[in-house]
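Reading through the structure tokens given below for one structure.
The values are calculated or read from the model by the stated rules, or taken from the named source; none is laboratory data. Computed from a predicted structure; not experimentally measured. Every residue, glycine as well, gets a Cβ built from its backbone with ideal geometry; the counts of neighbours run over all protein chains shown. Side chains are part of the model used for accessible areas, which takes the heavy atoms of the whole protein and leaves out ligands, DNA and RNA. Shrake-Rupley method; radii C 1.70, N 1.55, O 1.52, S 1.80 Å.
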Amino acid sequence: MPAVFILCDANNFYASCERVFDAALTGRPVVVLSNNDGCVVARSNEAKALGIGMGVPLFRVRHIVEAHGVRVFSSNYALYADMSQRIMTVLSEFTPEFEVYSIDEAFLRVSVPTAGTLADLGREIQARVYRHTGVPLSVGIAETKTLAKLANHLAKKSDKARGVLDLTRSPHQDYALECTPVREVWGVGPKYARLLKSRGVENARQLRDVELGWARRALTVVGARVVQELRGVSCLPIETCPPPRKSLTHSRSFGRRVESLAGLREAVASFTVRVAEKLRRHGLAAGALTVFAATSRFSKDEPYYANSATVEMAYPTDATPELLERATVCAERVYRAGCRFKSAGVLLTGLVPASPTTIRMYGDERWQRARRLARAVDEINERFGRGTLRYGIVAAPAAGWGTKFEKRSPRYTTNWDEMVGIA
């Protein structure tokens, strides 16, 4: 038998990370909120059972939270990112053919074990991740990535599977496909789901059995690949080297509305510094910078306003000082007096490898000095903590427009002052 695909997915990841460091949360309903503590973005199984939906504003379920003692947390991105890295490190020990799909998901491609079964291997992966991180994992195994995704989805729901389901040449594969609505098949979006339903295709088995030529005409080549994958023909390989990024962005909703040009400049500068750090981390340089900002579209007291401004670079750059100059100009173009801005962001496009870079005809020495400065700031902040050094135009962390994290748990693994203490 050829190699098979395994999809590993951390269960209720954000909520599970909170439970790792607080045993009192075990068995209790837990929810994690979005930026500014607005909407529910993660729920424990207990919270789901209470009827708390994904993406619902907190104020709409406040009565459920208070009646059932639901523990509510702000997003703790530093903790979640670090826990994700630990999980991925454990998973990568099982095979070199390994693809990080999202913060809580990864695909593995493995050969069939000579001793034991694929399900046994899945339980070993599950147990090792839990032993090293404390985060529960669901494992789906099949001949293709799409079938492995489907198996993982069913493994979460089945008490009998106990979090691990192997559909590789399984006699139960037809039944599993029948139990899966077509809208839940990986790669089938809402538009295609509506089209398929109008043609009488309502579950994954029916999609698998459609005529391939029709699928290519109606669903394009992407839909045809989905059909082939459901038939056990692998069309999606493991991406051990992610494709180069085409853009990078950093955006946020403000904790308090921004009305002044100075406030918008400060926010945009802060976002520019963060996205420039990402740029250098990926070894890229940007050919264009866009600043965008908007007021609240839900406000009844003021008209909605949104705008953006773009500056193209004469030469691609990864130097924060140069990016800050362009971002400040764009922020001034976007600003409108009298508007109360709810959100803003910075987008970098035209990305190219930062090295080797073209030597500039003019100002090369100044540019190289700016690059060295940016790298030095990165190294110091990496060693002593973000914000140890910051550019003068960037607001202090306590700026009023900063994102609200009023219910955030300690950053147990990334901040020395917030580590777990033992009395």
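Sparse packing (at most 14 other Cβ atoms within 10 Å of the Cβ) combined with a DSSP loop state is found for the following trypsin sites (Lys or Arg not before Pro) in the range 236-293: R245, K246.
Seen against the Cα atoms of the chain and their longest principal axis, helix 261-281 is set at about 50 degrees.
When the chain is described by a simple charge dipole with +1 on each Lys and Arg Cβ and -1 on each Asp and Glu Cβ, the residue from T146, F21, A276 located farthest towards its positive end is A276.
Please report the carbon-and-sulfur percent of the accessible area for the chain; probe 1.4 Å, protein heavy atoms only, DNA, RNA and ligands left out.
Details: 11510 of 22220 Å².
That fraction is 52 percent.
Rounded, prolate or oblate: which one fits the range 87-163, using the alpha carbon gyration tensor with axes a ≥ b ≥ c (rounded when a/c is under 1.5, else prolate when a/b beats b/c, else oblate)? Intermediate values should be presented prior to the final figure.
Details: a/c = 1.15, a/b = 1.05, b/c = 1.09.
Rounded, since a/c falls under 1.5.
Looking at the chain from every direction and averaging, what is the projected area of its Cα convex hull in nm²? Provide the component values of the computation, followed by the final result.
Numbers: hull surface 102.5 nm².
The number I arrive at for the chain is 25.6 nm².
Volume of the convex hull of the range 197-267 (Cα atoms only), normalised per residue: 228 Å³. Against the main long axis of the alpha-carbon atoms of the chain, helix 118-133 sits at an angle near 30°. The alpha carbon centroids of the range 219-293 and the range 75-97 are separated by 20 Å.
Using just the alpha carbons, could you tell me how many Å³ per residue the convex hull of the range 3-146 encloses?
Working: hull volume 16.7 nm³, N = 144.
Per residue, the Cα convex hull of the range 3-146 comes to 116 Å³.
Rounded to the nearest 10 degrees, what's the angle between the helix 320-334 long axis and the longest principal axis of the chain, both from Cα atoms, 0 to 90? Roughly 90 degrees, rounded to the nearest 10.
When the surface is traced with a 1.4 Å probe over the full set of protein chains, C39 keeps roughly 50 Å² accessible.
Among the GluC sites (Glu not before Pro) within the range 50-158, which fall in a DSSP loop and have no more than 13 other Cβ atoms within 10 Å of their own Cβ? Hits after loop and neighbour filter: E93. Surface analysis of the chain yields an accessible area of 53 Å² per residue, using protein heavy atoms and a 1.4 Å probe. Checking every one of the trypsin sites (Lys or Arg not before Pro) in the range 115-213 against DSSP loop status and a limit of 14 other Cβ atoms within 10 Å picks out K160, R162, R169, R199.
Helical content alone sets the calculated 222 nm signal of the chain at -12000 deg cm²/dmol, taking -39,500 (n - 2.57) per DSSP H segment of four or more residues and averaging over every residue.
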